[in-house]
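The next block holds one structure in the form of structure tokens; read it before the comments.
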Amino acid sequence: MANPSRRIWKSIEEFLAAGESVAALTYERASADRFRRSKRVGKSVKDQHRENLAVIARRGWTHLDSFRDNDLSASRYATKGRPGFELLMEAIASGRGDVLVVWELARTQRDLAVYVELRDLCLENGLRFWMVGDRLYDLANKDDKLSLGNAAIQGEYNADNISAGVQRGLEGTAIAGMPHGRAPYGYRRVYDPETKEFVRQEPDDTEHVSPAGIKYTPAKVVREIFGELEAGRSITRVTQSLNDRKIPSPGGKTWARSAVRLIGLTPTYAGLRAHYQNIYKAVWEGIVTPETYWAVKRLLSDPSRVHTRPSRAQYLLSYIARCEVCKGPLARVHIPYKGGFDSYRCLDRGCGEVRREEMDDFANKTMIKWLSDPEIHAKLIEAAGTSDEETQKATIEKTRLELDLENWERQAIAGSVTPEFFGKIQVDRIAKIKEQEEIIESAKIPSILRGLIGPDAERRWGKAPLEVKREALRLTSRIEVAPTGDPKDRYLGNLGKRVDWDWIYGKKTKN
Ligand SMILES: [Zn+2]
């Protein structure tokens, strides 16, 4: 029988959407074999606690309480004081907590007995969810229940935890914001000359001279790549420019487009650290600002933008806004009189026109208002969150594939794998990611909007490249402009009345 004071979840979806109203308990426990073997095995109780708190923070839950058993030899059958395990059992039995967060499951039979007992207690008392490392278990699901069962726990540890353990180790470092692996191009690492311990990672400002006689520093090259991409230049053009000046690639050869693209997609350069879909502030200084990084990431990684040519459109609304009379496109024209100004004019028939600056201003304000409206935000999130089990699975699989690809990217940048090998991996992973994306596509907010919505919309919109803004406008809005109706003044403002702005996002069916 479930304890009446504990919330009863109708579904796992309801639980996943509940955010801070989910109360989380953590349990940290020293592994039995940690003390048996001379070699250090597993994470310390303190590290487990830190990881567990990070999991809670990322999920947006509320941390209710933590229980720990530091010294296993004295814990379970101890006579002095009560072990964390008993206190945890008591908390569960008394109806506290919606989810139990633990770092890892048992490594030994002796540990296992503890977890099986805990699981049974949770089942009896209606504590339905367990978070083990990165994996959520639903005890109402028979497969999950089985996974938490005796034999499965052992088997799973032996089979899966080797690589998962490595990744979680990375996550621990990610949370601490410390670098791992080799220093990426553009950075250098400073070590203490005596202890040989890592001190810091800093932009590599060592000056070099290219065979063409051009002075450069690796950090400057990185800054240049981001700057050019953010300005909408193509990867080909940026690559060409580096090779023209004979600036060597990270591997000391000529630059390939893929190398330029990789740099543009690496959060390291913004002083950020990526792990799974989470970005952490790193301990090192960024070479570019996070805003630049996000702008470039949006430009390079949005699948809907692959076929757009960023440098082509120069005006916010040309060919997006339409004429209310003939429904034809408005295009920008320059008006040479009255001091000279730009206008958007009905291209096909010249039914009417509007001053470009005024119209752009109107459109910017309208979009910012919409993007920062909490109700709109909630609606979009809701639309994205009503996913069935298939969508959930696809999301998890996509995240896993992306992480995997990122790891290979890092290695490719560091030069630990050849570009050819990376190329093969990349093709394979991108195809698999696309498969998952197709499954989740209908339920998801387009990535371009995801990067813009929220309370910070005004700043984000302001920084967004023109092509991103145009894409967002196309995606969300149908904009028609009526003529002034005044034969003496074709440019009269009054846009509040002349513009018919229809929000099509969410109404439109998938095409
Ligand atoms: Zn017209």
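Taking the Cβ of residue 484 as the center, what net charge do the other residues with Cβ under 13 Å away carry, scoring Lys and Arg +1 and Asp and Glu -1? Surrounding charge for residue 484 is +1.
Using R₀ = 25 Å, calculate the FRET efficiency as 1/(1 + (r/R₀)^6) where r is the Cβ-Cβ separation of residue 21 and residue 86; round to 0.05. Walk me through the numbers on the way to the answer.
On the way: r = 28 Å, r/R0 = 1.10.
Step by step, r from the Cβ atoms, then E = 0.35.
Express in % the proportion of alpha carbon pairs of segment 187-301 at distances exceeding 18 Å.
On the way: 3534 of 6555 pairs.
Considering segment 187-301, 54 percent of its Cα-Cα pairs are separated by more than 18 Å.
What FRET efficiency do you get for residue 400 and residue 62 if R0 is 22 Å and r is their Cβ-Cβ distance, rounded to the nearest 0.05? My answer for the efficiency is 0.20. Straightening the chain between residue 475 and residue 10 buys 164.0 nm, computed as 0.36 nm per residue apart minus the Cα-Cα spacing. Per-residue packing, averaged as other Cβ atoms within 10 Å, sorts the ranges 187-195, 237-245 into the order 237-245, 187-195, beginning with the highest.
If R0 is taken as 45 Å, the Cβ-Cβ distance between residue 504 and residue 407 corresponds to a FRET efficiency of 0.70.
If packing is taken as the average number of other Cβ atoms within 10 Å across a peptide's residues, how do 482-488, 369-375 rank, most packed first?
Values: 482-488: 12.6, 369-375: 14.7.
Ranked by mean Cβ neighbours within 10 Å, highest first: 369-375, 482-488.
If the limit is 28 Å between Cα atoms, which of 253/398; 43/145; 145/398; 253/297; 424/463 go over it? As for pairs spanning more than 28 Å Cα to Cα, those are 253/398; 424/463.
Rule-based calculations on the coordinates, nothing more; no lab input. Quantities reported herein were computed from a predicted structural model and do not represent experimental measurements. Please note: Cβ atoms are built from the backbone with ideal geometry, for glycine as well, and neighbour counts cover all protein chains shown.
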